[in-house]
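Following: one structure in structure tokens, then a few remarks.
FYI, it's all coordinate maths here, none of it is from the lab. Model, not experiment: these values are computed from the prediction. Note that we place each Cβ from the backbone using ideal geometry, even for glycine, and neighbour counts take in every protein chain shown.
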Amino acid sequence: MSALLQADEASALLEATINGELPDASGRFGPFGGRYVPETLVPAFERLEQGVQEHLHDAAFQEEFQRELREWVGRPTALTFAPRLSESWGAKVWLKREDLAHTGAHKINNAIGQAILAKRLGAQRVIAETGAGQHGVASAAACARVGLPCSVYMGAVDMERQAPNVDRMRRLGAEVVAVETGDQTLRAAIDEALRTWVTDPEGIYYLLGSAVGAHPYPYLVRELQSVIGKEARQQMIEQSGGLPDVAFACVGGGSNAIGLFHPLLADDIELIGVEAGGTGDGLGQNAATLATGTPGVLQGSYTIILQDDDGQVQETHSISAGLDYSGVGPEHALLQATGRVKYISAGDDEALEALEELCAAEGILTALETSHAFAAARNYAKENPGAKILIGNSGRGDKDMPTLTKYPARTRSHAGA
């Protein structure tokens with residue numbers, strides 16, 4: 001239990017988030033969340049909040065959104081039993097296959113939902129940020145689908161290590177803007193996108209890619225991504241006869257994790273989020289925000305962030321571009337504080353090894369982000385023989401080939417391979 005919350009307060013807040021009562025009217029998840037933005041952006045956020053309230057759960061919006069999920073995104077995505085991995089681990093392992101969604105990751109669920117919203121709000125163009133490139137690709141595709149021009153801000157470091165996705169965005173009609181300030185990764189890309197939004201807050205819609213930032217984004221993204229957990233819950237019951245013992249998801253900003261976890265919060269299921277442990281425990285060596293961070297404000301939200309003793313936000317490191325972020329969504333901060341979700345980390349080497357194991361055992365090349373969840377799940381299986389394990393397979397690894405080619409595949413024996 002976090003020192004930020006008393007036991008009775010934590011229990012009440014957990015019940016409130018399970019019941020869909022959080023965030024509250026001020027955009028708070030208990031002590032976390034809120035809206036800390038420049039005065040020039042306040043009207044834009046207020047219009048967005050009003051638009052979310054008006055449209056998100058409106059029957060016409062939901063009809064269009066659900067139709068696009070079925071006919072264009074390809075939902076429901078499969079729930080795949082992993083027999084050889086299960087045999088190797090001594091557990092029963094299922095994968096929620098967001099890598100099979102259109103554009104190759106869970107990001108498309110949020111992107112098409114927000115693109116539909118942008119169109120309804122009368123936006124003239126859309127801007128987005130991206131780290132691993134999957135949200136940028138999803139945003140480019142979604143904007144093409146609804147007929148809106150799109151510009152994607154991406155850190156120069158991430159552009160180099162995610163070159164295939166840069167080309168995909170451009171082919172889908174998006175302008176890709178290289179960000180060469182700050183750490184040149186996801187945090188810098190978000191900063192630059194916010195600066196651009198200030199220049200035309202009425203004509204621009206900012207399509208934020210994760211459950212982070214100022215209210216109402218953490219709520220909006222959670223609602224759009226919760227389709228993952230809703231499907232997975234039903235599929236587990238149908239295919240295995242019951243719910244899993246534990247569910248794992250990787251956590252950067254936290255959109256795929258909150259999408260999987262939120263519909264499972266009321267169930268007797270252990271939930272474990274896995275952050276990027278990088279190369280060590282020191283500041284700048286990892287992106288394990290919830291494991292080593294402290295409360296503070298980052299990009300519009302009060303949450304847990306990686307900062308030094310003077311409150312300066314620190315640069316991060318991860319082999320996976322999508323986890324390379326100095327903060328985390330405020331609802332994840334609350335779920336850790338209440339004790340409902342456990343957050344741990346896996347290092348670069350563990351993630352690479354887990355990726356190779358999955359490839360050899362099941363013929364699935366997962367994303368480097370997701371491989372952190374596999375590494376943690378494997379360790380869990382060793383301590384809990386026979387456990388029913390659900391892993392959110394948030395995306396496919398094609399995008400990571402420029403990085404993976406720097407680490408030659410090692411010959412291993414995996415599950416009889």
Radius of gyration and maximum dimension Dmax of segment 181-286, Cα, Å: 17.3, 54
Return the percentage of antiparallel bridges among DSSP beta bridges fully within the chain, rounded to the nearest 5 %. 30
Tell me the Kirkwood radius of segment 316-371: reciprocal of the mean inverse pair distance over distinct alpha-carbon atoms, in Å. 12.9
Beyond 36 Å, what share of the Cα-Cα pairs of the chain remains, rounded to the nearest whole percent? 17
Towards the positive end of the charge dipole of segment 320-417, with charges on Cβ (+1 Lys, Arg; -1 Asp, Glu), say which of 343, 403, 355 has the farthest Cα. 343
Size of the dipole of segment 215-331 about the Cα centre, Lys and Arg at +1 and Asp and Glu at -1 on the beta carbon, nothing else charged, in debye to 20? 340
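With a 10 Å radius around each residue's Cβ, average the other Cβ atoms per peptide and rank 240-252, 198-210, highest first. It would help to have the intermediate numbers written out before the result.
Working: 240-252: 22.8, 198-210: 20.2.
Per-residue Cβ counts within 10 Å, averaged per peptide and sorted highest first, yield 240-252, 198-210.
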With label points built 7 Å along Cα→Cβ from the Cα atoms of residue 6 and residue 310, find their separation and express it in nm. 3.8
How big is segment 55-196 along each principal axis, measuring the range of its Cα positions in Å and listing the largest first? 50, 41, 24
Taking 4 °C and 1.567 mPa s as the conditions, I'd like the Stokes-Einstein D for segment 173-218 in µm²/s, using the Kirkwood hydrodynamic radius from alpha carbon pairs. 110
Peptides 160-171, 46-57 ordered by average Cβ neighbours within 10 Å, highest first: 160-171, 46-57
Distance in nm between pseudo-label sites at residue 237 and residue 16 (7 Å out along the Cβ direction from Cα): 2.8
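Sort 78-88, 284-294 by the packing proxy (mean of other Cβ within 10 Å over each peptide's residues), most packed first.
284-294, 78-88
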Say each of residue 167 and residue 81 gets a label point 7 Å from the Cα, pointing the same way as Cα to Cβ; how far apart are those two points in nm? 3.9
Once you have all Cα-Cα distances for segment 78-154, histogram them in 10 Å bins from zero and send the whole-percent values. 19, 38, 20, 15, 8, 1
Along the positive direction of the dipole of segment 72-203 (beta-carbon charges: Lys, Arg +1; Asp, Glu -1; about the Cα centre), which of 124, 110, 74 reaches farthest? 74
Kirkwood Rh over alpha-carbon pairs of segment 263-335, then Stokes-Einstein at 25 °C and 0.890 mPa s: what D in µm² s⁻¹, rounded to an integer? 191
Tell me which cysteines of the chain come out unpaired when the rule is another cysteine's Cβ under 4.7 Å. 250, 359
Computed [θ] at 222 nm, helices only, for the chain once each DSSP H run of length n ≥ 4 contributes -39500 (n - 2.57): -12500 deg cm²/dmol
Dipole magnitude of the chain about its Cα centre, charges +1 at Lys/Arg Cβ and -1 at Asp/Glu Cβ only, in debye to the nearest 20? 1220
What's the FRET efficiency of residue 58 with residue 156 using the Cβ-Cβ distance as r and R₀ = 51 Å, to the nearest 0.05? 0.80
Name the residues of segment 23-39 whose amide N is less than 19 Å from a point 7 angstrom out from the Cα of residue 230 along the C-beta direction? 23
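Using the Kirkwood radius over Cα pairs, work out the Stokes-Einstein diffusion coefficient for segment 32-99 at 4 °C and 1.567 mPa s, in µm²/s as a whole number. Don't jump to the answer; show the numbers that get you there.
Working: Rh = 16.1 Å.
Approximately 80 µm²/s, per Stokes-Einstein.
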Report, ordered by chain and residue number, the lysines lying within cross-link reach of residue 119, taken as a straight Cα distance under 23 Å and ignoring same-chain residues fewer than 8 apart. 107
Determine which lysines satisfy two conditions relative to residue 382: a Cα distance under 27 Å, and not lying fewer than 8 residues away in the same chain. 92, 96, 342
Ratio Rg/Rh, restricted to segment 299-417 and using Cα atoms, in which Rh is the Kirkwood radius: 1.01
